[in-house]
Amino acid sequence: MPLIRRLPDHLVNQIAAGEVVERPASALKELVENALDAGARRIVVDLEAGGVDHLSVSDDGVGMTAVQLRLAVERHATSKLPDGDLATIATLGFRGEALPSIASVATLTLTSRTATDPGWQLAVDNGRIIGDGPAATSPGTRVSVDGLFAAVPARRKFLKSERSELAACVDVVRRLAMARADVGFELRHGGSGASRRLLAVAAGSDQGPGALVARLAALLGSDFADNAVAVDLEREGLRLGGLAAIPTYNRGIADHQFLFVNRRPVKDRLLIGALRGAYQDLLARDRHPVVALFLDVPPDFVDVNVHPAKTEVRFRDAGLVRGMIVSGLRRALDEAGHRASTRVSATALAAFAVPAAIYPPEGTPSPALAEPPRLFSDFPPAFAPAERGPTALPSLSPSPPATSFPLGAARGQIANTYVVAETADALILVDQHAAHERLTLERMNAALASGGVPAQALLLPVVVELDEIAAGRIADRAAELGELGLEIEAFGASAILVRATPALLGNADPEALVRDLADDLSAWGRAVTLKEKLDSIAATMACHGSVRAGRALSLVEMNALLREMEVTPHSGQCNHGRPTWVKLALGDIEKLFGRR
């Protein structure tokens, strides 16, 4: 039988390094966090070969003495838990693992000086001290890491390309710089004589909201700040702040979601899930929001000691945190009204720009309080397929003056898909299906919030054939679907009987609707309660009940669509995050014809 033995210290450190130091970016994160904990007001990062050959972090913090330097490279030695209480962690680091872990898989050089003691330098090569003596240096600390994993080829071969490792390092510094607007950061890449500055932000005067917004704009670009809304919510001792981009300003990957807990950058599944829930009916499934959110909680409300990299956290009341993020984001996005992305083309030929906002006429109630016109529920056949036959329409002037309303007066259609409207200084193009889809969804959500969506009984029930598993999923959710006006019941093992559809949808196709809902439920899985997915269910239904592209509309119908858009929240984008209308300013039109 093999004997149980203690592992040698150098092997223990290498195993620990596998948890803490995965790549250059993870080592860099630990070092920059140490600099911030040391009270630095300026941090300079130098990289070579994406941080694999060399990385260094220099700061102007409090520095360390010779004795402290020697302790710093020992396992589980730290100055950041003076009372030994893991429940009240107030620093970014606290484990005392980073420096010894790095020193076990690279050449680590520490050069430091306090305000009152002489400078000192300590060098450790893959766990072995190779230098320990005085050094001429300014107050603060400089930590250099050379040849990461050079003596551990099995680990080094799993590193990615230089470009990928560099991108990860830049992301780490950028996230830490976002959280500390009072600290200046500089990041350079390249060898001596060929160094490139990749990031540089000056220290702000404070950590206030103004400095934070300025820092976010500097790091993410003014385009983000121009297309974002402020988030500010306080509840039960928790505070949520930051910037969240409006839905039409989105990305194809989730690489621009910056989440912080007590100014600690995290990538926590609970927070990411709450973020996804807040944007659920505002973005397509393959698009992702852009946000920078800062959650401040009491130290004993959160446990940051659940992962070696400290990127995951655990909250004492996860439901409170999730609800706060969802409601805080939704409130901010609701207050944005009709805003859509302000990105514009560089030339007059591509001058269709999504406007910053619609402002209702003087005296019009705010979108949150306004009662939207009842056109699309009181007269659903008006937007039914043409073969349904003519239907009485509400009395509405077909051609109001162009200056009377924010979206102007309808003048016609292009390809029976886009409504053309005129304002005093611009032309407006509206995607009729996308716009009506958003209006239908918002009205379904309002009806759901007030007690349920009215159902419209079918003259003859419709039987929808599905596979047995899909039919079971639908049947299990019959009560919850009933809240949305869809009355169904099981019809044998592999079929669903539809007795009523939501009245707001008009003449929707029951079979297509049920099949789409079955696909949605299959994608989510049974572990997710449908109560959390009602917005997405409503979005699927709204799509089926909306006026389609290719449907010829009268001027009365076009103007009614415009008027309802003006008083409906989120009407600047469809349920998938695309803009519902764009604007061609008169000045841009004049450029097209050489008039200016």
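Check whether at least one residue in region 315-322 is in a helix (DSSP H, G or I), at pLDDT 90 or above, crowded, with 21+ Cβ neighbours inside 10 Å and not acidic (Asp, Glu), and report yes or no. Taking every residue of region 315-322 in turn, at least one turns out to be in a helix (DSSP H, G or I), at pLDDT 90 or above, crowded, with 21+ Cβ neighbours inside 10 Å and not acidic (Asp, Glu).
When the test is whether a residue is surrounded by fewer than 21 Cβ atoms within 10 Å (Cβ to Cβ) and in a helix (DSSP H, G or I), Val67 passes it.
Yes or no, residue by residue, for (1) open to solvent by 20 Å² or more (accessible area, probe 1.4 Å); (2) in contact (Cβ under 8 Å) with a residue 24 or more places away in the chain; (3) of a type in the set (Ser, Thr, Tyr):
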site: Ala123; (1), (2), (3): no, no, no
site: Asp146; (1), (2), (3): yes, yes, no
site: Val152; (1), (2), (3): yes, yes, no
site: Ser164; (1), (2), (3): yes, yes, yes
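Quick one: is Glu165 at negative phi, assigned to a strand (DSSP E or B) and modelled with pLDDT of 90 or more? Can you show your working first?
Details: at negative phi: yes; assigned to a strand (DSSP E or B): no; modelled with pLDDT of 90 or more: yes.
Spelling it out, it is not the case that Glu165 is at negative phi, assigned to a strand (DSSP E or B) and modelled with pLDDT of 90 or more.
Looking across region 25-65, just one residue is free of Cβ contacts under 8 Å to residues at least 60 places away in the same chain and touching a Leu at 6+ places or on another chain (Cβ under 9 Å), and that is Asp37. With respect to (1) open to solvent by 10 Å² or more (accessible area, probe 1.4 Å); (2) touching a Lys or Arg at 6+ places or on another chain (Cβ under 7 Å); (3) closer than 21 Å to Gly210 by Cα, the lone exception for Gly241 is condition (2).
Got a sec? Which of Ala214, Ala194, Ala225, Ala203 is within 30 Å of His54 (Cα to Cα) and free of Cβ contacts under 8 Å to residues at least 40 places away in the same chain? If you could, list the steps in order and put the result at the bottom.
Values: Ala214 fails: within 30 Å of His54 (Cα to Cα); Ala225 fails: within 30 Å of His54 (Cα to Cα); Ala203 fails: free of Cβ contacts under 8 Å to residues at least 40 places away in the same chain.
Residue meeting the stated conditions: Ala194.
Yes/no per residue for (1) farther than 23 Å from Leu166 by Cβ; (2) open to solvent by less than 30 Å² (accessible area, probe 1.4 Å):
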| position | (1), (2) |
| --- | --- |
| Gly39 | yes, no |
| Arg42 | no, no |
| Gly51 | no, yes |
| His54 | no, yes |
| Leu71 | yes, no |
| Phe94 | yes, yes |
| Thr111 | yes, yes |
| Ala115 | yes, no |
| Ser138 | yes, no |
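On the stretch given as region 246-269, residues that are closer than 27 Å to Gln573 by Cα and of a type in the set (A, V, I, L, M, F, W, C) total 5. Taking the conditions (1) open to solvent by less than 20 Å² (accessible area, probe 1.4 Å); (2) within 29 Å of Ala332 (Cα to Cα); (3) assigned to a helix (DSSP H, G or I); (4) modelled with pLDDT under 95 in turn, Val229 satisfies each one other than (3).
The values are calculated or read from the model by the stated rules, or taken from the named source; none is laboratory data. This one's a predicted model, so the numbers in the text were calculated from it and none came from an experiment. Virtual Cβ from ideal backbone geometry, glycine too; neighbours counted across all protein chains shown. For the accessible areas, the whole protein counts, side chains as well, though only heavy atoms, and no ligand, DNA or RNA atoms are used. Shrake-Rupley method; radii C 1.70, N 1.55, O 1.52, S 1.80 Å.
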